[in-house]
Amino acid sequence: MRKNLLIGLIVTVFLSVVIYAVFFREKEVITPLTNSWDFAIPNQDVPSGLVSLKAEDCGTCHQEHYEEWKLATHAHAWTDLQFQAELKKESSPFMCINCHIPLQNQQEFKVTGLINGDIYRPVKEKNPHFDPILQKEGITCASCHVRNNEIIGATGSELAPHPVRKAPELLNENLCIGCHNASAVITPTLACTFQTGDEWKAGPFYGEKNCIDCHMTEVERPLVTGYPVRKSHRHWFTGSGIPKFDTVQTTIQNGLVFKPSSIAKVYAADEVFTFDFKAKNENAGHRVPSGDPERFIKVYLTLINDQGDTLKFKENRIGEEWEWYPEAKKLSDNNFDPGEERTYKLEHILKKKGDYKLLVKVTKHRLNKENAEYNGLGTNYPLFITIYNEQYDFSVE
Ligand code: HEC
Ligand code: HEC
Ligand code: HEC
Ligand code: HEC
Ligand code: HEC
């Protein structure tokens, strides 16, 4: 009797599972990819005359381009500690990698669609052309220069040992904007917001100077030792100048230019001390800071007496403030527009005779300490640089 009951129960459960699976389970539909950043650049073959797509191999001939590129953050777009930390989070969808290792050859899997349109359920197949060394190179030479299995260039040189297709239309600012401009709310708590392209288009440099004019300075040099001198471009792609590692150089001016008001050597007691610190975005073709919403700048003004007491302290933050939970939302944004000027003021009534000093400091940050700790970036990861640091001495008699 007991046994029959048990069998009956098992059969019922089994039938229920089958009925549920057949009739009620959500139908799985494969939906196509739609956004530009959902796609990798198709697998490329090694162009004839070359041994590989790797930067190091391009560098056997294009030595200077290679040495410069190695110092660019582009070369670290995959290995970067923060990127790797964020990529490992469950909240990071598959397409994170498409701007950081843009060539299909750099990716282990090909993504051909999404199950039920869910970005966390990509349809993947093994990529037979996957090259793990090329992956480490991040945004590498081939990311920008190899299309349809050929090297693309702006001039179409006939001296190269590899095929060159003249394609200046693929090597202009749209190449940069393809990655440096993305606004999308991917999930309620995940928003992609880089608007450097839109900021440039809305600003005074549009039609005058583009991304390449400012970030790839022109230089006359041979493209390969022993070849004729030509118009060439530096491949450092320096931006903020905040290094990732000690080796990355600062080769671009700061966007902001600072002008302190003059300070007398001597003031009278009870006189009002006033100091104006002007900051103007003169050099950037877009807002400052731009791109990653984690970037910010701090302006500090500190007035100190000869006892070392701080009489006045002012701290200003320039950047965006975001709230990520429960919904990604920009709370505020006081980035400098191109050409915009602001004045930071400090005022104090100088009561006592003696010596005083005014400290003025400006720092430019890639991300804040809390986020660096949260992502386990360690103590060596450079978070900021100091771009202005002056002490002005005066006395009250
Ligand atoms: C549309 C292209 C694109 C996609 C997609 C993309 N990124 Fe990026 N990512 C960029 C660009 C461009 C920068 C550099 C922006 C800057 O420095 O202002 C960047 C920078 C970063 C940085 C470094 C920030 C810094 O200042 O060092 C991290 C970390 C990062 N991305 C993580 C991610 C993650 C995680 C995803 C997926 C959710 C993702 N990225 C998807 C284009 C992209
Ligand atoms: C064996 C040497 C050699 C290797 C390896 C090599 N190149 Fe070249 N490349 C040349 C020479 C030579 C030229 C022509 C120089 C000239 O015209 O002054 C050239 C020209 C170019 C140009 C300019 C095209 C134009 O006319 O606008 C680009 C871009 C380029 N190479 C990219 C690459 C990339 C990317 C790689 C690696 C995937 C690579 N090259 C590997 C020798 C080489
Ligand atoms: C395939 C996508 C991609 C393309 C194309 C691209 N970038 Fe980037 N760029 C990135 C990513 C991602 C980073 C961030 C790398 C990191 O910090 O690890 C970056 C970083 C930079 C930075 C450094 C920002 C800083 O201060 O750290 C500058 C400047 C820059 N890119 C300019 C350009 C210019 C100019 C072009 C066009 C010639 C261009 N990029 C093309 C994706 C791209
Ligand atoms: C982020 C995109 C990007 C990457 C990465 C990149 N280049 Fe370029 N490269 C360009 C652009 C843009 C030009 C300039 C086109 C023009 O003349 O307007 C250029 C120009 C060149 C030229 C032609 C001469 C010159 O200097 O203008 C050579 C050669 C070259 N690159 C080689 C390389 C090599 C080698 C690497 C890797 C070590 C590399 N590039 C990485 C975008 C890139
Ligand atoms: C008129 C010159 C100029 C033009 C045009 C220009 N930039 Fe910049 N860019 C700068 C300067 C200067 C900085 C350094 C800003 C600072 O102080 O951090 C910068 C910084 C950056 C950064 C780092 C973000 C930051 O806050 O420092 C990125 C990324 C960048 N530029 C990408 C681009 C792209 C993409 C374009 C084209 C759409 C472009 N730039 C056009 C001058 C220019």
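Sorted by packing (mean other beta-carbon atoms within 10 Å per residue), highest first, where do 157-163, 142-148, 56-62 land?
Details: 157-163: 13.0, 142-148: 20.3, 56-62: 16.6.
Per-residue mean Cβ counts within 10 Å order the peptides as 142-148, 56-62, 157-163.
Obtain the nm distance between the two label points defined at Arg221 and Asp45 by a simple spin-label model: each point lies 7 Å from its Cα along the Cα-to-C-beta direction.
3.3 nm
Output wanted: per-residue J couplings in Hz (rounded whole) for the range 316-328, from phi through Karplus 6.51 cos²θ - 1.76 cosθ + 1.60, θ = phi - 60°, x for Gly and Pro.
Per residue, the Karplus-derived 3J(HN,Hα) values read 10, 10, 10, x, 9, 10, 10, 10, 9, 10, x, 8, 5 Hz.
Pairs of alpha-carbon atoms within less than 8 angstrom and 6+ residues apart define the contacts here; what relative contact order does the chain have, in percent?
Working: 734 pairs, mean separation 53.9, N = 397.
The value is 14 percent.
³J(HN,Hα) across the range 103-109 via Karplus (A = 6.51, B = -1.76, C = 1.60, θ = phi - 60°), whole Hz, x for Gly/Pro?
7, 4, 4, 8, 10, 5, 10
With each run of n ≥ 4 DSSP H residues scored as -39500 (n - 2.57), what mean residue ellipticity at 222 nm is computed for the chain after dividing by its residue count and rounding to the nearest 500 deg cm²/dmol?
The helix-only estimate for the chain comes to -5000 deg cm²/dmol at 222 nm.
Return the loop-located trypsin sites (Lys or Arg not before Pro) in the range 83-134 (DSSP other than H, G, I, E, B) with at most 15 other Cβ atoms within 10 Å of their own Cβ; answer none if there are none.
Answer by residue number: Lys88, Lys89.
Select from the range 256-329 those chymotrypsin sites (Phe, Trp or Tyr not before Pro) which occupy a DSSP coil region and have at most 16 other Cβ atoms within 10 Å, ordered by residue number.
Listed in order of number, the matching sites are Trp324.
Using DSSP to define loop residues, name the GluC sites (Glu not before Pro) in the range 322-363 whose beta-carbon has at most 11 other beta-carbon atoms within 10 Å.
Within the range 322-363, the qualifying GluC sites (Glu not before Pro) (loop, at most 11 other Cβ atoms within 10 Å) are Glu327.
State the extension gain, in nm to one decimal, for the chain segment bounded by Gln63 and Leu159, taking 0.36 nm per residue of separation less the distance between their alpha-carbons.
So the chain would gain 32.9 nm between Gln63 and Leu159.
Taking H as built 1.01 Å from N, whose amide H comes closer than 5 Å to the amide H of Val219, not counting residues under 5 places away?
Hits under the 5 Å cutoff: Ser232, His233, Arg234.
Return the long-range amide H neighbours of Gly113 (sequence gap of 5 or more, or a different chain), with a cut-off of under 5 Å between placed amide H atoms.
Result for Gly113 returns Val123.
Please work out, to two decimal places, the log10 of the ratio I(q)/I(0) at q = 0.11, 0.14, 0.16, 0.21 Å⁻¹ from a Debye calculation in which every Cα of the range 256-396 carries one identical scatterer.
The computed values of log10 I(q)/I(0) come out as -0.52, -0.77, -0.92, -1.23.
Anyone know which of Thr140, Thr379, Thr112 comes out most mobile in the 10 Å Cα GNM of the chain?
For the chain, modelled as a Gaussian network with Cα springs under 10 Å, the answer is Thr379.
Here, each number is a calculation from the coordinates, and none is a lab measurement. Computed from a predicted structure; not experimentally measured. So basically every Cβ, Gly included, is an ideal-geometry build from the backbone, and we count neighbours across all protein chains shown.
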